[in-house]
Each structure stands twice: as structure tokens, then as C-alpha cells.
Amino acid sequence: MSEVRHLVSAADLDLHALNNLLQASATLMSPRAKTFARNTVRQETDSTTMIYSFVEPSTRTRMSFITAAELLGMTVQGTENAKVSSSAAKRESLEDGITTLNQYAKKFGHAAIVLRDSEPGAAQRAAAVSEVPIINAGDGEGEHPTQGILDKLTEYLRRGRQLGNQVHFYVGDGKNSRTIHSKVQLDLLFPGNEFIFATPKGLEIDEKTRGRLEEAGAPYLEVNSLLEGLEETEGKARDFYFTRDQEERRQAAINKAFKNLNVLRGVKLTIEDRRIKKDFMRDCILTPEILDREITEDDAIYHPRPQVGEISALENDDPRNESINQMSDGVEARMAVLMWAMRIGLFKNGDIIKTIPLD
Ligand code: NCD
């Protein structure tokens, strides 16, 4: 019996696995390949299910997972708002909750559990007690590996399936953005990439990300504004990756301080919060002027969304705008991830099968 294939962190993927996932996802863009994948799943197993449990809000991640599972002919069941509407509200532990979901998942021939939690490390804890693959759909400010995969897929399709030798220009919240935390690890699997991070003071990339860049010996630069970064990268084609200010993470820390009657700390955090918001609005937004003057036709603009003003200046159909493609590509990326985790369909023996019909 082979090991359960969880996807908790981008670190669970090596270059071989990521390339397989990208190739499978790109193939799945064709309706014929979708039908082939669904039929292959059906031939192998009489029942499949995806069970999801989401503690934090989600539009794209949840909907694209459901779409992906349904396209594969899987049944889908799950809980949104799980802190309120599951037994977590009665203080049931994460581990007990996952053990419970396992009992229903195991009635099926094959299953996967998709989990979004507010605590970093939650997916790892879930995987430790689960006999069914756990797919991390975001754990607090920790990681969001399937978003990283779909982001790479959109790049892969834009660049004629050639990744590497890119200038990755991250803008926004390097501290709390789990999508950045996962994606940088996937960028580092390809040779020749350089990095620039434009983040306000207080939202710089976390130590783990910095450590990974150092360890890989990748060139990277940290600045405090989009404009500074633009100066540094003038003349190069850049893949911008905008993120929003994840202010709810700071708000949670402020609420906690006041709740614990740590008033001084609460006040300090509130002042810091206002300063960060101001800096973010001034320095990390793609204004119409910057878009017109600084962003060339060789540049591409990505955003995991939701965007709340960071890229509003950009029309949906602007050829530099990849963020709409990212939403759509999430479906094929997640179809591939589900099959990869369950080792079925296009991933029958663990690796991608090579006899996929192409249109
Ligand atoms: C992100 C998330 O939830 O981490 N969105 C997503 O999944 N596409 C980004 C965010 O919330 O800012």
C-alpha cells in the first residue's frame, strides 16, 4: 500500500511532481481530455468523493475545487463557515473533526479532504491523523499550495510552457500572504529566477521565505514601494504578483490583545495598523499613471484575488492582465491535484499517464 499523498505545503512537490501537474492541467484545458480523465476515473473506481471543510471565507478556491471535482464525476460534500456550522463550534478539536470526516470519506473507493483553516500548521496536523489525502486550501498565514500550482499554470500557459529565467516581482503583503509563501517555493524549483519584493515596512516577507531564497542562492531584493522596485527592474520583462493587505490578520492580533486586557499592546498595534494601511495604499497599488507609464507589453500582471483596489486600474481584457486566467485555470489545476492526490485518472500509477488524447 503506497503512502497517503497529502498536499500540505508547496514543499511536498519536487520539480518532477510539479511538471507532471502542470502538464496534466494544461492537457485538461481541452474538453476531450476532461472527458478522458473522467472516464478513466470511472473505470478505476466505483465511487469518489471530495469532502471540504472551510473555516475562512472563500469564493474562487472553494468554487473551483467543487467545479473540478464535479467535472471528474466525484460527489462533493462539505461545510462552509465551519467554525460556526460544524462541531468546531462546540470546541471539537481539528484532529477529531478530521477523524470524523475520514469515516465518511472511507465509504468511497477514493476520496480527498480539502481543508481551509485559520491557523498556520492546521493542514499538517490534519494530515498527521488522516488516512485520506489532505489538500491544504489555505492555513492562516501559512501556505496555499494549490494556489501556487494554478499561478504557475497560468505562467506556464502564457510563456509557451517554459518556466524559469523570470523576474518575479511581488507586491503587497509578504508577511501574511500564504499564496506568496507557497508560490516562491515553486518558483525556486526552476532555474534562473530573480525576485523582488515591494512590501510596506511591517509586511516584509517572513523569515521562512527569506531562508528559502538564501538557501537556493536566488538573487532577491527587498524594497518598500512599487515605484522603487520599478526603478530597479527597468528594461526587464517582469511577472508582477500583486496581493492585498491582509488586514484581518493584524485585526485578530489587536482583538486578542484587548481581550487579554493588554491595552498598551492593543493601542500600539492599532497605531501600527493605521500606518501600514496608509503605506500600503500609497506604495503598493497599481495606479492608472503607473500602469500607463511603467508597465510594458512584455510585463504580465497576476493577482490571486480578491483584489480590493490593487489592480483596479487594469481592464479585465488588458493583454497584460493574467488574473482572470488565474481564476479559470484554478479548475484544471485542481482537477490535476485531486487525481494526483488520489493516484487515479491521469495519475493512475502515481505519475501522469502519457496516453492522454490532445485536441
Ligand atoms: C487568497 C487566500 O485566500 O489566501 N485568495 C485565494 O485563495 N485565491 C488571497 C487573499 O485572501 O488575499
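The values are calculated or read from the model by the stated rules, or taken from the named source; none is laboratory data. What you see is a predicted model; the values in this text were computed from it and never measured. FYI the Cβ positions are ideal-geometry reconstructions off the backbone, even for glycines, and counts take in every protein chain you see. The accessibility values were calculated without ligands, DNA or RNA, using every heavy atom of the protein model including side chains. Shrake-Rupley method; radii C 1.70, N 1.55, O 1.52, S 1.80 Å.
Assorted remarks:
- Diagonalising the gyration tensor over the Cα atoms of the range 193-286 and scaling each eigenvalue by 5 before taking the square root yields semi-axes of 30, 16, 9 Å, largest first.
- With N as its number of residues, the range 139-241 has a Cα radius of gyration that, divided by 2.2 N^0.38 Å, comes to 1.00.
- Full extension of the segment from ALA252 to LYS208, taken as 0.36 nm per residue of separation minus the current Cα-Cα distance, would add 13.7 nm.
- Solvent-accessible heavy-atom area per residue, rounded to whole Å², over the chain at 1.4 Å: 46 Å²
- Relative counts (whole %) of C-alpha pair distances in the range 58-120, using bins that are 5 Å wide: 4, 14, 26, 24, 20, 11, 2
- Of LEU157, LEU163, the residue with the largest accessible area leads and the full order is LEU157, LEU163 (1.4 Å probe).
- Estimated FRET transfer efficiency when R0 is 35 angstrom, pair THR296-LYS201 (beta carbons, to 0.05): 0.80
- What the phi angles of the range 172-181 give under the Karplus curve with 6.51, -1.76 and 1.60, with θ = phi - 60°, is a coupling list of x, 9, x, 7, 9, 7, 5, 5, 5, 4 Hz, glycine and proline written as x.
- The H on the amide N of TYR52, modeled in the peptide plane, is under 5 Å from the matching H of GLN77, GLY78, THR79, VAL114, each at least 5 residues off or on a different chain.
- Accessible surface of the chain [probe 1.4 Å, protein heavy atoms]: carbon and sulfur percent: 49 percent
- By accessible area with a 1.4 Å probe, ligands and nucleic acids excluded, highest first: order of MET281, MET50: MET281, MET50
- R0 of 51 Å, Cβ-Cβ distance ASN81-GLU234: FRET efficiency to nearest 0.05: 0.65
- Placed amide H near GLU119: partners under 5 Å, 5+ positions off or other chain: GLY140
- Segment LYS277-ILE353, extension gain: residue separation times 0.36 nm, minus the distance between their alpha carbons: 22.5 nm
- Prolate/oblate/rounded label for the range 14-79 (Cα gyration tensor, a/c 1.5): oblate
- Computed helical MRE - 222 nm, the chain, DSSP H runs ≥ 4 contributing -39500 (n - 2.57), nearest 500: -14500 deg cm²/dmol
- Burial order of peptide ranges 76-83, 132-139 (average beta-carbon count within 10 Å, highest first): 132-139, 76-83
- Under 5 Å, built H, 5+ apart or other chain: amide partners of GLN166: ASN193, GLU194
- When the Gaussian network model of the chain links Cα atoms closer than 10 Å, the mean-square fluctuations of ARG265, ARG158, ARG343 top out at ARG265.
- What the Cα convex hull of the range 257-313 gives, in volume per residue, is 97 Å³.
- Here the Karplus curve 6.51 cos²θ - 1.76 cosθ + 1.60, taken at θ = phi - 60°, turns the phi angles of the range 238-243 into couplings of 10, 9, 7, 10, 7, 9 Hz, with x standing for Gly and Pro.
- Cα gyration tensor shape of the chain, rounded if a/c is under 1.5, else prolate or oblate by comparing a/b with b/c: oblate
- Sorted largest first by accessible area at a 1.4 angstrom probe radius, with every protein chain in place, the residues ARG212, ARG249, ARG161 fall in the order ARG161, ARG212, ARG249.
- Derived scalar couplings between HN and Hα for the range 96-104 equal 5, x, 5, 4, 5, 4, 4, 4, 7 Hz in order, rounded to whole Hz, by the Karplus curve 6.51 cos²θ - 1.76 cosθ + 1.60 (θ = phi - 60°), x for Gly and Pro.
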